[in-house]
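The numbers here are math on the coordinates, done by the rules we state, and not lab data. Keep in mind the model is a prediction, meaning the values are calculated, not measured. Cβ atoms come from the backbone with ideal geometry, glycine included; neighbour counts cover every protein chain shown.
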Amino acid sequence: MSFIDHLEALRWHIIRAAISVVVFATGAFFAKDFLFHTLILGPSRPDFWTYRMFCKFGQWVHAPDLCINDVGFVIQNREMSGQLTMHISTSFIVGILLAFPYLFWEIWRFVKPGLYPHERANSQGAVFFVSVLFICGLLFGYYIAAPLSINFLAGYVVDASIENQIDMQSYLSTLTTMSVSCAFVFELPMIVFFLAKAGIVSPEIMQTYRKHAIVVILIIAAVITPPDISAQIIVTIPILLLYELSIHIARVVRRGDAARLNAKLARQAERDAAQ
């Protein structure tokens, strides 16, 4: 294919991806009640699933302080067209998130023809695993990281006379940042898989720099969560587990590459002996 043909192919991949985003965004736009009352504003109410689970856990361990009976803030809109703008932008963001597996599949369809056969074989299931990790990270961010951040920031006061009246855009930005950040952080195993396939990362390197990685993970957890120790620990634990899983993935990749190399050398030796 010529350069112009590649651009033409890329154009149609982009068009199909854009159509999928528009379809999901349109559906989200018309599902306004569910989108905002149930999904977006869910973490702002004490009956949210996460808060109820924390309360049950608090009762189990005899720690009633874990129960959240009041979120302690009021959400306001301060611009004339603020709610309409927020409705459109939120629908667009939700459309991108829902269409992410298809978006990645379109990217993969464009990249795949340019790979060597062994590279295609090594990348089987990439779309599935990337999508699963993205969804798991998004759910973790929405149900764990975002509620903890919102509850901490909303309940933090410097003086009892100051009432927290949160702008809707600020609330939505916090919720989106927490959820999407976790979604991309959960892609760590797939990133390590491809880097290991490329020979850039090895299990020995990851084990050697484990202490450095823990420091980086703590920094990442501190960035995507408020300055609350409990929230940082809750976010840090799954990232550490993902790092350990990534070490195992790199080790499996190394063994697989070594086995294929040995098999290739054995076939070459057999051919040489036959000659």
Practice task
Please give the helix 82-111 orientation as an angle from the longest Cα principal axis of the chain, in degrees from 0 to 90, rounded to the nearest 10.
Solution key: 10 degrees
Handout entry: C-alpha center-to-center spacing [the stretch 213-258, the stretch 1-31] in angstrom
Key = 33 Å
Handout entry: Acute angle (nearest 10 degrees) that the helix 3-30 long axis makes with the longest principal axis of the chain, alpha-carbon atoms
Key = 30 degrees
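If R0 is 41 Å, what FRET efficiency do you get for Lys211 and Tyr116 from their C-beta distance, rounded to 0.05? Show your work: numbers first, answer last.
Numbers: r = 37 Å, r/R0 = 0.89.
Taking R0 as 41 Å, the efficiency between Lys211 and Tyr116 is 0.65.
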Exercise for the section: Using all C-alpha to C-alpha distances in the stretch 55-158, build P(r) with 10 Å bins and read off the rounded percent in each one. Expected result: 11, 23, 26, 21, 13, 6, 0
Problem - Selected from Val223, Val185, Val111 as most flexible by GNM, with the chain as the system and alpha-carbon contacts under 10 Å - result: Val111
Practice task
Could you name the aspartates and glutamates whose alpha carbon sits less than 18 Å from that of Lys264, not counting residues in the same chain fewer than 8 places away?
Solution key: Glu119, Asp272
Practice task
Jot down the radius of gyration and Dmax of the stretch 133-275, Cα atoms only, both in angstrom.
Solution key: 22.1, 91
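Starting from the stretch 97-176, pick out the GluC sites (Glu not before Pro) whose DSSP state is loop and whose Cβ has at most 15 other Cβ atoms within 10 Å.
Working: sites: Glu106, Glu119, Glu163; in loops: Glu163.
Filter output for the stretch 97-176: Glu163.
How big is the dipole moment of the stretch 111-234 about its Cα centre under a simple scheme where the beta carbon of each Lys and Arg is +1, that of each Asp and Glu is -1, and everything else is neutral? Debye, nearest 20, please.
On the way: 5 positive and 7 negative charges, 135 e Å.
Dipole of the stretch 111-234, to the nearest 20 debye: 640 debye.
Taking only the Cα atoms of the stretch 1-58, how large is their convex hull per residue, in Å³?
Details: hull volume 6.8 nm³, N = 58.
Measuring per residue, one finds 117 Å³ for the Cα hull of the stretch 1-58.
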Fill in the blank from the handout: Under a Gaussian network model of the chain whose springs join Cα atoms within less than 10 Å, the largest fluctuation of Ile162, Ile93, Ile234 belongs to Ile162
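Just check the stretch 139-192 against the gyration tensor rule for me: Cα atoms, a ≥ b ≥ c as the square roots of the eigenvalues, rounded for a/c under 1.5, and otherwise prolate or oblate depending on whether a/b exceeds b/c.
Numbers: a/c = 3.88, a/b = 2.70, b/c = 1.44.
Here the stretch 139-192 falls in the prolate category.
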Fill in the blank from the handout: Per the beta carbon screen (other Cys under 4.7 Å), unpartnered cysteines of the chain come out as Cys136, Cys182
Practice task
Can you give me the three principal axis dimensions of the stretch 198-275 from its C-alpha atoms, in Å, biggest first?
Solution key: 70, 17, 15
Practice task
Mind grabbing the base-10 log of I(q)/I(0) for the chain at q = 0.07, 0.10, 0.15 Å⁻¹? Debye formula, identical points on the C-alpha positions, no solvent, two decimal places.
Solution key: -0.37, -0.70, -1.23
Completion exercise
Residues whose built amide H sits under 5 Å from the amide H of Ile75, excluding neighbours closer than 5 in sequence, are Ile166
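By its C-alpha gyration tensor, with a ≥ b ≥ c as the square roots of the eigenvalues, how is the stretch 74-217 shaped: rounded for a/c under 1.5, else prolate for a/b larger than b/c, else oblate? Kindly include the intermediate steps, with their values, before the conclusion.
Working: a/c = 4.06, a/b = 1.69, b/c = 2.41.
Note, shape of the stretch 74-217 comes out oblate.
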Fill in the blank from the handout: Connecting every pair of Cα atoms under 10 Å apart in the chain and solving the GNM, the largest mean-square fluctuation among Ala198, Ala222, Ala146 falls on Ala198
Exercise for the section: Starting at the first residue of the stretch 210-216, write each ³J(HN,Hα) from the Karplus equation 6.51 cos²θ - 1.76 cosθ + 1.60 with θ = phi - 60°, in whole Hz, x for Gly and Pro. Expected result: 4, 4, 5, 5, 4, 4, 5
Fill in the blank from the handout: Kirkwood Rh for the stretch 1-100 from C-alpha pairs, in Å, is 16.9 Å
Fill in the blank from the handout: Calc'd 3J(HN,Hα), the stretch 232-240, phi into Karplus 6.51 cos²θ - 1.76 cosθ + 1.60 (θ = phi - 60°), Hz, glycine/Pro = x, comes to 5, 5, 4, 7, 5, 4, x, 5, 4
Fill in the blank from the handout: When the charge dipole of the chain is computed with +1 on Lys and Arg Cβ and -1 on Asp and Glu Cβ about the Cα centre, the Cα farthest towards its positive end, among Ile205, Thr174, Ile150, belongs to Ile205
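Expressed as a rounded percentage, what relative contact order does the chain have, with Cα pairs under 8 Å and six or more residues apart?
Values: 246 pairs, mean separation 54.1, N = 275.
Once normalised by length, the contact order is 20 percent.
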Problem - Reachable lysines from Lys211, criterion Cα separation under 29 angstrom, eight or more residues apart if same chain - result: Lys197
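Rounded to the nearest 20 Debye, what is the dipole magnitude of the chain about its Cα centre when Lys and Arg each give +1 and Asp and Glu each give -1 at the C-beta? Kindly include the intermediate steps, with their values, before the conclusion.
Values: 20 positive and 19 negative charges, 237 e Å.
The calculation lands at about 1140 debye.
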